[in-house]
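This report refers to the structure that appears directly beneath it.
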Amino acid sequence: MTSEQSDTTSSATDDESTTADSTSDTTSSATDDESTTADSTSDATSSATDESTTADSTSDTTSSTTDESTTADSTSDTTSSATDTSTADSTGNITFNSSSAIITGDGATSDRNTVTISEAGTYNIEGTATDAQIIVNAPVTAAVKLVFNNVDLANQIGAVLNGKQFGSLSIEVVGTNNITTSVVVEDEESLDTTNPNGAIYANGDLTIDGDGTLNISSTMNGISSDGTLTINSGTLNITKSYEALEGEIVTIARILKIRTALFLGHNPR
């Protein structure tokens with residue numbers, strides 16, 4: 001009995017020990033699993049954090065790239081604006097007096113009261129002279145605009161305005177302007193072979209507009225164009241001329257007033 005009880009006790013003890021070991025293993029396994037799960041969760045969290053950091057970095061890079069692009073566009077716009085300004089047409093002021101013409105700005109030169117315009121642009125013309133001549137001799141692409149601003153200009157040997165070469169030529173009339181030529185013309189035939197053959201002459205198309213008055217007294221033609229002559233507005237008083245308005249095509253779009261005294265076919269006296 002005693003021996004069997006001892007065996008039984010021993011077996012029970014071994015079973016308990018085995019159970020304890022099993023429990024310990026189970027606990028250890030559970031602990032390891034939890035640890036593994038925790039580590040996995042930690043890794044996942046770390047990975048998510050890294051992804052967030054990467055996303056933030058990508059966002060910052062994108063933002064930086066966008067800012068650089070905006071800066072580049074702004075720089076490009078500034079450069080373009082500077083380029084546009086540098087290629088702008090000339091703007092000048094020409095003032096005639098009894099002995100010479102004073103020029104302010106680029107695009108024109110003077111020899112006493114003879115002014116030569118050689119560049120595209122807008123030129124404001126003022127003053128009084130009895131021997132004045134304005135010559136336009138610019139590139140064939142040049143747009144030249146002349147503003148007659150209360151001028152009183154005369155020439156005894158030729159045209160007051162001689163438009164030799166240009167891309168386009170226009171005159172704006174401001175205030176009251178007087179243009180006079182007193183060239184000796186034998187007959188109309190000789191006038192037809194003469195260039196310039198008008199107090200205002202253009203070797204091409206000519207446009208006149210403005211709200212002022214243009215008084216022309218000429219022993220030649222008044223306004224002569226070898227192309228299309230277009231009168232858009234203004235008051236024109238043309239006297240003592242062979243032909244007041246001459247051109248391949250003469251168009252009067254809208255004019256405040258035009259008055260002419262024509263002397264066709266003979267030299268006016």
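Screening 221, 215 for residues that are at pLDDT 95 or above, more than 34 Å from the chain's Cα centre (by Cα) and farther than 19 Å from residue 115 by Cβ leaves exactly one candidate, 215.
The residue list 243, 172 contains one member that is charged (D, E, K, R) and more than 32 Å from the chain's Cα centre (by Cα), which is 243.
Is it the case that residue 203 is closer than 21 Å to residue 93 by Cα and polar (S, T, N, Q)? Explain how you work it out, then say what you get.
Working: closer than 21 Å to residue 93 by Cα: no; polar (S, T, N, Q): yes.
Criteria not met by residue 203.
Filtered by the rule that a residue be over 24 Å from residue 175 (Cα atoms) and crowded, with 21+ Cβ neighbours inside 10 Å, region 221-242 gives a lone residue, 242. Looking only at residues of region 141-167 that are buried (at least 18 other Cβ atoms within 10 Å of the Cβ) and of a type in the set (S, T, N, Q), we find that the one that is nearest to the chain's Cα centre (by Cα) is 149.
The values are calculated or read from the model by the stated rules, or taken from the named source; none is laboratory data. Bear in mind the structure is a predicted one, so any value in this text is a computation, not a measurement. For neighbour counting, all protein chains shown are included, and Cβ atoms are generated from backbone atoms with ideal geometry for every residue, glycine included.
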